[in-house]
Structure formats: structure tokens, C-alpha cells
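Accompanying notes for the structure given below.
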Amino acid sequence: MTYSILIGQRLYSSWSLRGWLPFAVHDIPVTVHDTLIYSDTFSTDVSNFGGSGTVPVVRTPHGGVLSDSLAICWGLTDAFPERGLLPNDPVDRAKAQSLITEMHSGFTALRGACPMNLATGWVGFKPNAAVQADIARIDEIWSAALDASDGPFLFGTYGIVDAFFAPVAIRIAGYALPVSDTAMAYVHAQLSIPAIQEWRAEGLARDAELSQYEMPLERCPFPMP
Ligand SMILES: N[C@@H](CCC(=O)N[C@@H](CS)C(=O)NCC(=O)O)C(=O)O
């Protein structure tokens, strides 16, 4: 028995991406099951899988269910303590855990104004004050971690904290949000990992466009490195 994960559309479901990335980057075998957010069958698909109304949902090899991205994060960290999913250094580990939970519960202005969309980039997005404040905070925490670790990821090597910020990197690229050079280098590092390239290619191959993600803006190609 291996892990199974239920995900939504790859181009749009940011939480699905957060749940899937640790498996992909850390070579943890997982069987992927697909459902469609905004479809008539979504709720039934999620509850049949054992979830609690949202994706991602993970079923563990022992029959457990992890029904939230944070639960997946802690469940995998417990199951694979040697894989570097969190930093080993206790100070870094506490910082990474705090950043993961800050991402999980915060940045609502940015998340609301700039839905993740790997299908297209947008021209001329003007962030309001609340979105600017979220971007400033993200830049601050990324820059502090990257300065301390020397990058390319927040604590050096790719961990769950980076998986949690991957959809933010995608938003910064897709909406051309203004960030420092340090933060932009991190965005490029995020978008360059093979797992992101694979996720996007699969999404482009299988996902229909969702009208809910339309913006009153001109489109441009999504700026993959
Ligand atoms: N707190 C949840 C949030 C997950 C979430 O909101 N997922 C979205 C897809 S990206 C979803 O399932 N939306 C469908 C719905 O809320 O009905 C987690 O971290 O896993």
C-alpha cells in the first residue's frame, strides 16, 4: 500500500499543489486521484475519498486520512523524519513551522485578489493597499530566510515551507507583482523545479479553463523560466 491523494485542477487548485509537492519533491510514492472543483460531483468525490469538503485529501498506507494541507504536512513529517521536510536545526524548524502556519491562515488579501492560475499571466494588475501589505510581508519573511540560508530555498534545500509558498511564487509571476530581487530569485527557483514544470504541463494537458478565474485584465503568456 502507498499513499493516495485527491486533488483538484492543477492549473487552479493552490492547496492541491501544496499537498502534492512534498510527495513529488521528496520521492514519496503516491497515487493521484483527480476531482474537479466547482463540479457537481466534487462534494461526493471528496466525501467518498474520506475528506471533509475540500482538497487536497491524503489516504495513508495505514488507512488514515489527512484532510487538510497542514495535516498532510505534519503527517508526512512524522512518517519521513529523515527526508528533510522540515529543517533539522531546532531554531530553523520552529521558524519554518511558523511560516507554514502563517501561510495557511494568512495572506487572504493576496489570495482573494490574485487566484492562482497557471494557464495565463495577466497584464496591468494593480494591487490595493491590503494586497501590497501582504506582498511586503511575504518579501520580508522570504528575504530574511534567504539571507540567513543563502538559498536557493528558504532554509537551503526544498522543504514543506517552500511547498506552502509555491502558489505565492506562481501568483507573483503570473500577476507581475512587485518584489525585491531576492524574492524574485526565489520565485524563479520555485518555478524552475521539475515538479512544478510537471504539474503545470499536466494541468495544461487536462484542465478546462474555469470562468471563475477570469480577470478583467489583458492576458500574457505565463512567465515560466
Ligand atoms: N484548509 C484547507 C483549504 C483547502 C481548500 O480551500 N481547497 C480548495 C481548492 S484549492 C477547495 O477544496 N475548494 C472547494 C470548496 O471549498 O468547496 C487546506 O489547507 O487543505
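Table for the structure above
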read-out	value
Zone of A185's modelled label, taken as backbone nitrogen in the stretch 139-171 under 17 Å from a point 7 Å along Cα→Cβ	139-158
Tail fraction, Cα-Cα pairs, the chain, threshold 22 Å, whole percent	50
Relative contact order %, the chain, counting alpha carbon pairs below 8 Å whose residues are six or more apart	23
Values of log10 I(q)/I(0), in the order q = 0.17, 0.24, 0.33 Å⁻¹, for the stretch 67-112 under a Debye, Cα-only, solvent-free model	-0.55, -0.91, -1.18
Accessible area of the stretch 72-225 divided out per residue, in Å², using a probe of 1.4 angstrom	45
Magnitude of the charge dipole, the chain, Cβ model with Lys/Arg +1 and Asp/Glu -1, debye to 20	220
Relative packing of 102-111, 205-214, which averages over residues the other C-beta atoms within 10 Å, highest first	102-111, 205-214
25 °C / 0.890 mPa s Stokes-Einstein diffusion coefficient of the stretch 1-58, Kirkwood radius on C-alpha pairs, µm²/s	215
Pair D89, H33: separation of 7 Å Cα→Cβ label points (nm)	4.1
Amide proton proximity set for V57, modelled H, under 5 Å, gap of 5+	L6
16 Å tail of the calculated P(r), the stretch 1-130, as % of Cα pairs	67
Sequence of D181, D147, D68 from largest to smallest accessible area, 1.4 Å probe	D181, D147, D68
Whole-percent carbon and sulfur share, accessible surface of the stretch 3-79, 1.4 Å	50
Extension gain from Q197 to E140, taking 0.36 nm per residue of separation minus the Cα-Cα distance	17.9 nm
Under-5 Å amide H pairs with V30, H placed in peptide plane, nonlocal only	none
The stretch 3-79 - percent relative contact order, Cα under 8 Å, separation 6 or more	33
Listed residue (A79, T101, V25) projecting farthest to the positive dipole end of the chain, Cβ model	T101
Mean ellipticity per residue at 222 nm, deg cm²/dmol - from DSSP H runs of n ≥ 4 across the chain, formula -39500 (n - 2.57)	-16000 deg cm²/dmol
Translational D in µm²/s for the stretch 144-218 (Stokes-Einstein at 4 °C, 1.567 mPa s, Kirkwood Rh from C-alpha pairs)	94
Quotient of Cα Rg and 2.2 N^0.38 Å for the stretch 90-197, N being how many residues it contains	1.01
For a label point 7 Å along the Cα-to-beta-carbon line of C220, residues of the stretch 121-140 with backbone N under 13 Å	121-126
For the chain, with +1 on Lys and Arg beta carbons and -1 on Asp and Glu, the positive-most of P221, W122, S39 along the dipole	S39
Histogram of C-alpha separations across the stretch 33-104, 5 Å bin width, %	3, 16, 20, 20, 15, 13, 8, 4, 1, 0
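The values are calculated or read from the model by the stated rules, or taken from the named source; none is laboratory data. Quick caveat, the model's predicted, so the values are computed rather than measured. Here Cβ is always computed from backbone atoms with ideal geometry, including for glycine, and neighbour counts include all displayed protein chains. To get the accessible areas, we keep the full protein, side chains included, count just its heavy atoms, and leave off ligands, DNA and RNA. Shrake-Rupley method; radii C 1.70, N 1.55, O 1.52, S 1.80 Å.
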